[in-house]
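To start, the structure under review is shown below, and the notes come after it.
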Amino acid sequence: MAWQPDGHQSRCDPPGPRCVHADANSNIGCMTTAIIGTGGIGSAIARELASGGEPLRLASADHESARTLAAKTGHGAVAAADNRDALQGAGAVILALRFTVLKSVIAEIAGQLADKLVVVPSNPVSADAQGNISRLLPEGQSSGNVVAGWLPAGTRLAMAFGTLPADLLESASNQSPTPAVLFYATDGDRAAREVERLIRTAGFEPVKAGRLDQSTRLELGGDLHELVVTPAQARSLIAGA
């Protein structure tokens, strides 16, 4: 069992749950993470987290897709019966879904989100039949603030895992000797600690871009989107904003 300098466990002792150092302030212990959505980005996140030892419960509108991903991912990943079932025993849920369906899925599972971390990688964009991409929110309105308004009280939100497309997320993970950065945005300290653990488990170094109102920087078209940078470069970008 290897521990990182900040007290985070870098690998789980399979087949047990993913555990991290917990103290009176962190409230972080052994966790299972649910992933709802097994498309390109959801599948990539699942593979990277599972390779880092994170127990996963996977759900998709296409149940066979979740079953196939769980079987191919291994490392204890299981396919849940549905979205609500995915949240059983999970301390965090990653909603790897199109932005247009986020609100309805959140409404479906809202009763189970109390005291959980919700991670959203979705970009607030859509594409027409010709592949033209348009933003779904008014200029300057952050997706983080919008999603926060859809969540029930007591839920912690972090916008993360959406800055890199699926293929780049997988190719950039676990770089050595210097890890690549994944940026995130959140308003709460506890949410920050929890999402940083997930980012490290996936093979990246977390760097906070700001609060939820700064999540526009992470989105498609934002200055931090699709960047593979070192921690030093990332800190320079944040400081220079």
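A short reminder: the numbers here are calculations on the coordinates, not readings from a lab. Quick caveat: nothing in here was measured; it's all calculated off a predicted structure. Note: ideal-geometry Cβ built from the backbone for every residue, glycine included; neighbour counts use all protein chains shown.
Annotations
- For Lys103, the lysines whose Cα comes closer than 26 Å to its Cα, not counting residues fewer than 8 places off in the same chain, are Lys116, Lys208.
- The stretch 33-239 - share of DSSP beta bridges that are antiparallel (%, nearest 5): 20 percent
- Close amide H partners of Thr32, meaning residues 5 or more places away or on another chain with modelled amide H under 5 Å apart, are Gly91, Ala92.
- Per-residue [θ]222 nm for the chain (sum of -39500 (n - 2.57) over DSSP H runs n ≥ 4, rounded to 500): -9000 deg cm²/dmol
- Cα gyration tensor shape of the stretch 42-190, rounded if a/c is under 1.5, else prolate or oblate by comparing a/b with b/c: rounded
- Residues whose amide H lies under 5 Å from that of Lys116, counting only those 5 or more places away or on a different chain, are Arg156; hydrogens are built 1.01 Å from N in the peptide plane.
- Under the simplified labelling scheme, the Thr68-Gln130 pair shows an inter-label distance of 3.2 nm, with each label point 7 Å from Cα along Cα→Cβ.
- Electrostatic dipole magnitude of the chain [Cβ: Lys, Arg +1; Asp, Glu -1; Cα centre; debye, to 20]: 240 debye
- GluC sites (Glu not before Pro) within the stretch 194-241: DSSP coil, no more than 13 neighbouring Cβ in 10 Å: Glu226
- Pairwise centroid distance, computed over Cα atoms, of the stretch 179-233 with the stretch 24-99, Å: 20 Å
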